[in-house]
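Worksheet: one structure, shown below.
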Amino acid sequence: MPGSPENLSAGPSHGKPVGRRIFLGLVGLGAVGVVAGSEAQNALSRWLAPVMANDPTGLVALLPLGDTFRFYSVVGSVDRRDASDYSLTVGGEVATPATYSLTDLQRMPQTNLTETFHCVTGWRVPDVPWTGVRLSTLIDRAAPRSGATAVRFRSFDGTYTESLPLDKARRADCLVALRMLDAPVTHDHGGPVRMYVGGQYGYKSTKWLSGIELTTEEIPGYWERRGYELDGTIDE
Ligand SMILES: Nc1nc2c(c(=O)[nH]1)N[C@H]1C(S)=C(S)[C@@H](COP(=O)(O)O)O[C@H]1N2
Ligand SMILES: [Mo]
């Protein structure tokens, strides 16, 4: 559901008539999910993905879908990439830029961790297993120049960007993730490669990752230009 920028405000207070109509429609569907159980909730969550992608009111997050991931995208559709055409560039303020194929990433040392995933709109998923390459490893290999203080992520959806200060990007639980929920990251969850940023709300965990750029300052990303805080630290 690609909306105009005015429709993409982050605040729940941003209740336009059209948003309320969508919300009321969805409440009915959510009730169906509750009655039918979690299988149906998962199916419902998937089916609603295009609507929930923007969640203009912030209210869709309150629907009784259970502790399940939503499938978020700020664009209508994203091209599929696999081992034959996936690449990740690491560049910007670095001495040694690099490009990694999916196979390159798979051959690097993998880190496993399990953490609760928090979307800032209120839903969460406990104990999510992730596997991937530590972002710090890719940063170290690139040899950041002295002026580099932040990292910027790009998505091959063509629109989404995010940033992190270098110290948060170097955390041991910040992964260039190849696996999620004990399986390769699915297309809908941002595969074949997405970010998982520990300690930060979900919007920092850029899906369909295509670029990592060292920068001299944090550059506000897609949601920050629409009201989200630059610092996405989970506050609980
Ligand atoms: N490219 C891209 N990455 C993204 C988003 C998005 O819309 N596009 N949404 C973010 C938000 S707000 C959250 S909570 C998580 C959701 O991940 P999921 O779609 O796998 O549930 O992805 C984050 N990464
Ligand atoms: Mo989110």
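None of Thr99, Thr111 is surrounded by 16 or more Cβ atoms within 10 Å (Cβ to Cβ), within 22 Å of the chain's Cα centre (by Cα) and of a type in the set (Ser, Thr, Tyr) except Thr111. For region 114-149, which residues satisfy the criterion of being surrounded by fewer than 16 Cβ atoms within 10 Å (Cβ to Cβ), free of Cβ contacts under 8 Å to residues at least 40 places away in the same chain and touching a strand residue (DSSP E or B) at 6+ places or on another chain (Cβ under 8 Å)? Once the filter is applied, which keeps residues that are surrounded by fewer than 16 Cβ atoms within 10 Å (Cβ to Cβ), free of Cβ contacts under 8 Å to residues at least 40 places away in the same chain and touching a strand residue (DSSP E or B) at 6+ places or on another chain (Cβ under 8 Å), region 114-149 yields Thr114, Thr116, Asp127.
In the set (1) surrounded by 20 or more Cβ atoms within 10 Å (Cβ to Cβ); (2) outside the structural domain of Arg141 (by TED's automatic domain parsing), Val197 fails one condition alone, (2).
Checking each residue in region 198-216 for being away from ligand 2 (no atom under 15 Å from the Cβ) and among the polar types (S, T, N, Q) picks out Ser210, Thr215, Thr216. Would you mind stating whether Thr116 is in the same structural domain as Gly190 (by TED's automatic domain parsing), closer than 30 Å to Arg226 by Cβ and part of a loop (DSSP other than H, G, I, E, B)? When the stated conditions are applied, Thr116 does not pass them. Any residue at all in region 153-160 that's at negative phi, more than 16 Å from ligand 2 (Cβ to nearest atom) and either surrounded by 23 or more Cβ atoms within 10 Å (Cβ to Cβ) or not aliphatic (A, V, I, L, M) (or both)? Looking for residues that are at negative phi, more than 16 Å from ligand 2 (Cβ to nearest atom) and either surrounded by 23 or more Cβ atoms within 10 Å (Cβ to Cβ) or not aliphatic (A, V, I, L, M) (or both), one finds at least one in region 153-160, hence yes. In region 83-105, the count of residues that are at pLDDT 95 or above, part of a loop (DSSP other than H, G, I, E, B) and within 16 Å of ligand 1 (Cβ to nearest atom) is one or more.
Write out, first by first residue and then by second, each pair whose Cβ atoms fall under 7 Å of each other, whose residues are 6+ apart or on separate chains, and whose first residue, in region 73-97, is under 18 Å from Asp188 (Cβ atoms) while the second is modelled with pLDDT of 95 or more and within 16 Å of ligand 2 (Cβ to nearest atom). So the pair list comes out as Ser73/Asp157; Val74/Thr159; Val74/Tyr160; Val74/Tyr222; Val75/Asp157; Val75/Thr159; Val78/Asp157; Val78/Trp208.
Being more than 14 Å from ligand 1 (Cβ to nearest atom), modelled with pLDDT of 95 or more and in a strand (DSSP E or B) is a condition met by no residue of region 187-209.
The values are calculated or read from the model by the stated rules, or taken from the named source; none is laboratory data. The model shown is predicted, which means the values in this text are computed figures rather than measured ones. Don't worry about glycine lacking a Cβ; one is built from the backbone with ideal geometry, like all the others, and counts go over all protein chains shown.
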